[in-house]
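Participant: Got a structure for you, questions after.
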Amino acid sequence: MKNTYQIEEIAGPSSREIMFSRILGHRGLIIGAAVLCVITGMAILAPILTSHDPFTQDLSNRLVQPFWDEKGSTSHILGTDALGRDYLTRLIYGARVSLLIGFSTALGSGIIGTVLGLLSGYYGGRVDMLVTFIITTRLTLPVVLIALAVVSLVGGTLPVVVSVLSLLLWDRFAVVIRSATKQIRSKEFVSAAKAVGCSTPRILFVEILPNLVGSLVVIGSLEVGHAILLESALSFLGLGVQPPTPSWGLMVAEGKGLLFFKPWLITFPGVALALLVLSLNLIGDGIRDVTASKGIE
Amino acid sequence: MVNDRPENILTVDNLVVDIPTPAGVLHAVRDVSFGLKKGRTLGIVGESGCGKSVTVMAIIGLLSKKIRVTAEQLKFSDMDLLGLSGRKFADIRGEHISMIFQEPMTALNPVYTIGEQLTEGYLRHRSATKANARNKALRLLDRVGISSAERRLNQYPHELSGGLRQRVMIAMALMCDPDIIIADEPTTALDVTIQAQILSLLSELQKETGTAMIIVSHDLGVISRVADHVLVMYAGRIVESGTAEQIFATPTHPYTQGLFSCIPVPGKTPKGSMLGSIPGVVPSLIGDLKGCMFRPRCDLASDRCLAQIPAVNFPVQHHVWCVAPVEELKERSEKVMLF
Amino acid sequence: MIEKKKFLFEFTDITKTYHVPQGLFSASRSLNALRNLSLNIRQGEVLGLVGESGCGKSTLAKILLRLEHPTSGEIIFSGKPFSEIKRSKLSEIVQPIFQDPYSSLNPSKTIGQIIEMPLIVHGNHDKKNRRHRVQKMLELMALPSRMLNVYPDQMSGGQRQRVAIARALITEPEMIICDEPTSALDVSVQAQVVNLLMSLQQKFKLTYLFITHDLAVVEHIADRVAVMYLGQIVEEAMTDEIFSSPKHPYTQALLGSVLTPDPRKAAPKINLGAAYPNPIDLPCGCAFHPRCPKALLPDCSVIAPDLVQFGKRNVMCSQINLNELRS
């Protein structure tokens, strides 16, 4: 009888190919990604999209209505704010601030949380106890109050806000990466890597971390939204980004006194914030759905 | 109807199970037919992906609603199982047809005691008193060889070892005196010595209670010791069926022969020799399937294998689904005898 | 003709104890995974290590791979203390093949990356040379070279196991620990892997520590067999001797449980009782006595037998006497 091993065909498409086809079929993900692309495109192409400068004040043209109102004009499509600055321009430039702060914070907190999660998940024991203690401590802290306190002490510049938020928002990363690492640590390929003589940093960053990219992207997208909302809250309270930098939160603050008379001053930045965070959430959910392993029906 | 005989407690005719997937329809089970007599044991053997587990899950109605189950006939005693409502099926499950699963670690609910899980089905099906149910549970635990049964009733699954949990599962299956027990890989997750004990127990209980049994396994040793009648499945179809003696003494289908040549038998296989093997992989069961699915891996393959394969009936009960010349099959059969 | 092979590994009195925490306020209990275990592995042989769950065979494998350290005892490798061998040299001595082909390959890496990883870890920075060696490995495993860029989830269990073998062999170790390499595979695929392992062993004169519960495979492939129970070796002998006349009651029960595919026989009746081996709660005296059909109380519950050498066989049982063995 025929014996020994034979060359066989590869069975099945790769999970990457399957994932791409799932991505294309996931409506929420497509919508979220589209909205994010539009906003990001807007932010990048800001100087091309509008001829106005977000900082130029024109006190003779204060509080002009948006163009669809009878008193409005097309030279200021969304009107002007209390200092005569073109509103659409400030809205578009405000996207830059939100996106910048959102992604920088997510990157910073992601690095902190991932390193902590990897270490505690991999080593277990005392290291795990220590990191869990740190996480628990962080969770008891009131984030907004601390951010307010630090900013009021040190000043509200962009780097300060990003640093403070990064140092406060890493907990979700740490928790999820920790449990994911624990699961992967028990897999045999990690034992095989150790048996070959891989150093621990190599195991953590080259063997284990690439398997966590899916989770990282999901949490990252949610944390970007989280950071953006926090920044706008801080700016609204006057302790985030400082005027005259256009920040959507700041614009809401500036417009709140005129809520009943000039409602567009709050509406536009508010809607913009909601759309951006919604799109990020849709992306996060979508990626989680798409990268989830298929169970048996 | 081929398998419809009065002494058959279960009749399955042309069972078809189709699973819709994003890539197309997966034909997990195709035209499986058999009859199960009262008090007898049917063994279904095959490798992973052959459809044996899906077959029994379809019979007991445990497949998800998205999966299409059709058959010309699916009868338990006189009752038609096709198109039975969920409620009615639940009535049959546990009372008339019960199931023992593979993983004793996960088949028991960790937050309920053994006693609660044992009596749950009995209380539901028989509307008995708690005391009656408890007494029956005690008797059965004793019968399956669990000592200090009283104490065990109040224990939780994690306090028992794998072998003990499997015995509890057997006791659970017997609580309502079912007519049929379906055991899906009942000993695969157990240690070798425990496996022998569990199988021995199952055989004894079956003879005692006269319950019919369907045992599904990939382990040829398990099937050979326990089954009266055997079905060999490959790629969703039955390729060979017969009594255990017939299948193991004269394996006729090329797949069965290939399978048998892969197993080292202590005392028979020359030590250090290369084991036989079946080249290739199980083909995908999605989409249009023509002819014999074993063809790409069979060294007797010919163009005739592309058409529908009829059954070749050897005297009394031994059926083979293959178009190769019978003499050639019989000649090869002698080379792979396992005992 | 019996060749006098040199010892590759010599284990003397190895003990490995884990401390299992019993909650925040209770003291931890000790789990005796290995107890005074002595074993020799000869170069070029296939040593089968059989035993059921809780016997400690996986712990022994981990110690050999330096994933764990023995609590006490001595390990000698080719005449030198094992502990003195540097980590970097270890992968040229011993490499593993694990049971689960689905978790033994990193799902985020391609096959090429998986197989060449040991080379990178050992300082081979020559990309061409690495590729070349990986290609040769793939050929040896009868895997097509286009598999280099394929991910594990596109492959079948048998193919993955071959990748695992390739990864184990690429550092050219002297010994391979096969930890249940075929248990998670279909029968027809098991045969392919076993054939591959046998031919590689002959070709490269490898030493195998073949850990398994499948006694039929062990009988086919192993030169010698060691039977483990609750952290100790209870019997050790040449394969044909153990299979034809097992002496220890546990070995007898184990071999009696093997289900050869013989429909004329019924399920074997094994008289071992319902107690199960628990390495945390060890019985006094002989660890096997609660389940032993030949136990003689009260002796067996008090005396812990030693591993005694009878000719070329080692047995650990108080009830065996020299007369029985001579027959």
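Participant: Please work out the FRET efficiency for the pair B:E120 and B:A23, using the Cβ-Cβ distance as r and a Förster radius of 45 Å; give the result to the nearest 0.05.
Facilitator: Approximately 0.70, to the nearest 0.05.
Participant: Given +1 on the Cβ of Lys and Arg, -1 on the Cβ of Asp and Glu, and no further charges, what dipole in debye does the stretch C:106-171 carry about its Cα centre, rounded to the nearest 20? Please list the in-between numbers first.
Facilitator: Numbers: 11 positive and 4 negative charges, 28 e Å.
With only Lys, Arg, Asp and Glu charged at Cβ, the dipole is about 140 debye.
Participant: Here is a follow-up. Cut-off under 21 Å on the C-alpha distance; same-chain residues fewer than 8 positions from B:K136 excluded. Which lysines are left, in chain and number order?
Facilitator: Candidates past the 8-residue exclusion: B:K207.
Participant: Go ahead and run the numbers for FRET between A:A233 and B:N154, Cβ-Cβ distance against an R0 of 41 Å, rounding to 0.05. Display every interim value, and only then the final one.
Facilitator: Working: r = 54 Å, r/R0 = 1.33.
According to the calculation, E is roughly 0.15.
Participant: Tally the DSSP beta bridges in the protein assembly as shown and give the antiparallel ones as a percent, rounded to 5.
Facilitator: Roughly 60 percent of the beta bridges in the protein assembly as shown run antiparallel, per DSSP.
Participant: If amide H atoms are built 1.01 Å from N in the plane of the peptide, which residues on other chains or at least 5 residues away come under 5 Å of the amide H of C:N40?
Facilitator: Those lying under 5 Å, H to H, from C:N40 are C:F11.
Participant: Further question: Could you check the spin-label model distance between A:L145 and C:K312? Points 7 Å from the Cα along Cα→Cβ, value in nm.
Facilitator: Once both label points are built, they end up 7.9 nm from each other.
Participant: Order of B:V265, C:V163 from fewest to most other C-beta atoms within 10 Å? Before the final figure, lay out each step's value.
Facilitator: Values: B:V265 19, C:V163 24.
Starting with the residue having the fewest Cβ neighbours, the order is B:V265, C:V163.
Participant: Restricting to chain B, compute how many DSSP beta bridges are antiparallel as a %, nearest 5.
Facilitator: Details: 30 of 49 bridges.
So the antiparallel bridges amount to about 60 percent of the total.
Participant: Okay, moving on. Given a Förster radius of 51 Å and the C-beta distance between A:D53 and B:S64 as r, what FRET efficiency does 1/(1 + (r/R0)^6) yield to the nearest 0.05?
Facilitator: The value I calculate is 0.25.
Participant: Please rank C:S28, C:S38, fewest neighbouring Cβ atoms within 10 Å first, as an exposure proxy.
Facilitator: C:S28, C:S38
Participant: Still on this structure: What value does chain C have for Rg/Rh, both radii from Cα atoms and Rh as Kirkwood defines it?
Facilitator: Dividing the radius of gyration by the Kirkwood radius yields 0.99.
Participant: Between C:E74 and B:F89, what is the spin-label point distance in nm, taking each point 7 Å from the Cα along the Cα→C-beta axis?
Facilitator: 6.7
Participant: Express the Stokes-Einstein translational diffusion coefficient of the stretch C:106-171 in µm² s⁻¹, to the nearest whole number, given a Kirkwood radius over alpha-carbon pairs, 4 °C and a viscosity of 1.567 mPa s.
Facilitator: Taking Rh from Cα pairs, D becomes 112 µm²/s.
Participant: If packing is taken as the average count of other Cβ atoms within 10 Å, what order do B:91-97, C:134-140 fall into, highest mean first?
Facilitator: B:91-97, C:134-140
Participant: Then there's this: I'd like the antiparallel share, as a percent to the nearest 5, of DSSP beta bridges with both residues in chain C.
Facilitator: For chain C, the DSSP antiparallel bridge percentage is about 60.
Participant: While we're looking at this one, here's another question. In nanometres, what is the gap between the two model label sites at C:L297 and A:D69, each 7 Å from Cα along Cα-to-Cβ?
Facilitator: Placing both labels 7 Å along Cα→Cβ, they lie 9.7 nm apart.
Participant: Around A:R138, under 15 Å between beta carbons, what's the net of Lys plus Arg minus Asp minus Glu among the other residues?
Facilitator: 0
Participant: On to the next question. Contour minus end-to-end for A:S186 and A:L167, with contour as 0.36 nm per residue of separation and end-to-end as the Cα-Cα distance? All intermediate terms of the calculation are to be shown ahead of the outcome.
Facilitator: Values: separation 19, 0.36 × 19 = 6.84 nm, distance 3.02 nm.
Value of the extension gain: 3.8 nm.
Participant: Towards the positive end of the charge dipole of the stretch A:78-291, with charges on Cβ (+1 Lys, Arg; -1 Asp, Glu), say which of A:W264, A:I177, A:V196 has the farthest Cα.
Facilitator: The residue sitting most towards the positive pole is A:V196.
Participant: Continuing with this model, one more query. Over all directions, how big on average is the projection of the convex hull of the alpha-carbon atoms in the stretch B:235-339, in square nanometres?
Facilitator: That works out to 7.2 nm².
Participant: Which pairs in the list C:K247/C:K269; A:K187/C:K57; B:K65/C:K109; B:K75/B:K130; B:K52/B:K268; A:K182/B:K66 are over 25 Å apart, alpha-carbon to alpha-carbon?
Facilitator: B:K65/C:K109; B:K75/B:K130; B:K52/B:K268; A:K182/B:K66
Participant: Which ordering of C:E74, B:E334 is given by a fewest-first count of other beta-carbon atoms within 10 Å?
Facilitator: B:E334, C:E74
Participant: If eta is 1.567 mPa s and T is 4 °C, what Stokes-Einstein diffusion coefficient results for chain A, Kirkwood Rh from Cα pairs, in µm²/s?
Facilitator: 59
Participant: How many angstrom lie between the C-alpha centres of the stretch C:43-108 and the stretch B:144-183?
Facilitator: 38
Read the figures in this text as sums done on the coordinates, not as results from a lab. Small disclaimer: the values here were computed from a predicted structure and weren't measured. With ideal geometry, Cβ positions are generated from the backbone for all residues, glycine too; neighbour counts draw on all protein chains shown.
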